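Peer 1: Submitted below is the structure of interest, expressed as structure tokens.
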There are 2 protein chains.
Amino acid sequence: MHIRRAEAGDTAGIAAIIVPTIREGTTYALDAAMSEADALAYWMAPDKETFVAEEDGVILGTYFLRANQAGGGKHVCNCGYMTSRAATGRGIARLMCAHSLEHARSRGYRAMQFNFVVSTNERAVKLWQAMGFTIVGRLPLAFHHPTAGDVDALVMHQPL
Amino acid sequence: MHIRRAEAGDTAGIAAIIVPTIREGTTYALDAAMSEADALAYWMAPDKETFVAEEDGVILGTYFLRANQAGGGKHVCNCGYMTSRAATGRGIARLMCAHSLEHARSRGYRAMQFNFVVSTNERAVKLWQAMGFTIVGRLPLAFHHPTAGDVDALVMHQPL
């Protein structure tokens, strides 16, 4: 397994991960019906650095890193991570998060913030806490979960 | 004074308010050096509804309203408000906020969230609290203020 920058030829492998996650609609505040092209445009937007976690030529995970705000807020970065369903439980999200923290430090960012961690995504919340993030905000009923109904979203943060 | 939708002919009046505020760099996490065209493109983006507060044909304030997230987060809206320096202290921000809350309700939004209220902007924090918002998050040192240095930013919220 290694993590490297996404390249133009990775779009099919990235789409195979992000589109099903977006369709499920339980973890990201994105239109579940968005097209594959729109999903890729979002995940690989010009203001993002996009990476993939690859094993034997197969993409098992992907993440992006970007400045969370412009101007006076540009020293704080933001990331999004998604792992292949088939590879869940292998620690790929943890590896990608560690990679992103290191990359963010190398870029000179001074903090990382997740703006919208769906509170029912307990696996993610626990992992981010284990990786050093703390909950700095709770957005009441900010996410309409397809089966759980309206649930809180969390803002999570760590200094770098 | 009345509040109405911004029209194409309002760009000069809107720019006269938002560009100096952006240049000052003390209240919005936007590039202080951004061009007037970019500032207008941001403030009047297609995903925003933009309004102006007008008196005797002069624009004294402007605000936008948009969905804060897509998908499962689209029932929460977000606004930004700016008032002409010359008209500060006349309650224009308060009027615009009241208008935006009413408009958000009419649009079916179920909450309003401000993602990044600079904590040193005490006038705004107090006004939003008086208008019913509570602080649901505190982003540590998230804003580099040009004179105060790194200061917290607040996430503020109210159900509609």
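Peer 1: Quick check for you: with a 1.4 Å probe and neighbouring chains kept, what is the accessible area per residue of segment A:1-45, in Å²?
Peer 2: Per-residue accessible area for segment A:1-45 comes out at 47 Å².
Peer 1: OK, next. Residue separation times 0.36 nm, minus the C-alpha to C-alpha distance between A:Thr11 and A:Glu24: what's the value?
Peer 2: Net length gain for the segment: 2.7 nm.
Peer 1: Let me ask you something else. Hey, how much of the P(r) for segment B:105-160 falls beyond 14 Å, as a percent of Cα pairs?
Peer 2: Here the long-distance tail beyond 14 Å is 54 percent of all Cα pairs in segment B:105-160.
Peer 1: Just check segment A:51-147 against the gyration tensor rule for me: Cα atoms, a ≥ b ≥ c as the square roots of the eigenvalues, rounded for a/c under 1.5, and otherwise prolate or oblate depending on whether a/b exceeds b/c.
Peer 2: oblate
Peer 1: Is it possible to state the helix-based mean residue ellipticity at 222 nm for chain A, with each DSSP H run of 4+ residues giving -39500 (n - 2.57), the sum divided by total residues, to the nearest 500 deg cm²/dmol? What is it?
Peer 2: Using -39500 (n - 2.57) per qualifying helix, the result is -9000 deg cm²/dmol.
Peer 1: Would you mind getting the Kirkwood hydrodynamic radius of the protein assembly as shown from its Cα pairs, rounded to one decimal in Å?
Peer 2: 20.7
Peer 1: What does the charge add up to near B:Arg23, with Lys and Arg as +1, Asp and Glu as -1, over the other residues with Cβ less than 12 Å from its Cβ?
Peer 2: Around B:Arg23, the surrounding residues sum to -2.
Peer 1: Net charge within 15 Å of A:His144 by Cβ-Cβ distance, Lys/Arg positive one each and Asp/Glu negative one each, not counting A:His144 itself?
Peer 2: That works out to -2.
Peer 1: Using a 1.4 Å probe on the protein chains only, how many percent of the accessible area of chain B belongs to carbon and sulfur?
Peer 2: After summing per-atom areas, the C and S share lands at 53 percent.
Peer 1: Please give the net charge around B:Gly13, taking every other residue with its beta carbon less than 11 angstrom from that of B:Gly13, where Lys and Arg add +1 and Asp and Glu add -1.
Peer 2: Around B:Gly13, the surrounding residues sum to -3.
Peer 1: Could you state how much accessible area is buried at the B-A interface, both sides summed, with a 1.4 Å probe, in Å² to the nearest 100?
Peer 2: 1800
Peer 1: Which percent, nearest 5, of DSSP beta bridges in segment A:2-159 are antiparallel?
Peer 2: Here the antiparallel bridges make up roughly 95 percent for segment A:2-159.
Peer 1: State, to one decimal in nm², a quarter of the convex hull surface area for the C-alpha atoms of segment B:1-106, i.e. the direction-averaged projected area.
Peer 2: Result: 6.9 nm².
The values are calculated or read from the model by the stated rules, or taken from the named source; none is laboratory data. Predicted model only: the values in this text are computed from it and were never measured. Neighbour counts are summed over all protein chains in view; Cβ atoms, including those assigned to glycine, are modelled from backbone coordinates with ideal geometry. Accessible surface is based on the protein model in full, side chains and every heavy atom, while ligands, DNA and RNA are left aside. Shrake-Rupley method; radii C 1.70, N 1.55, O 1.52, S 1.80 Å.
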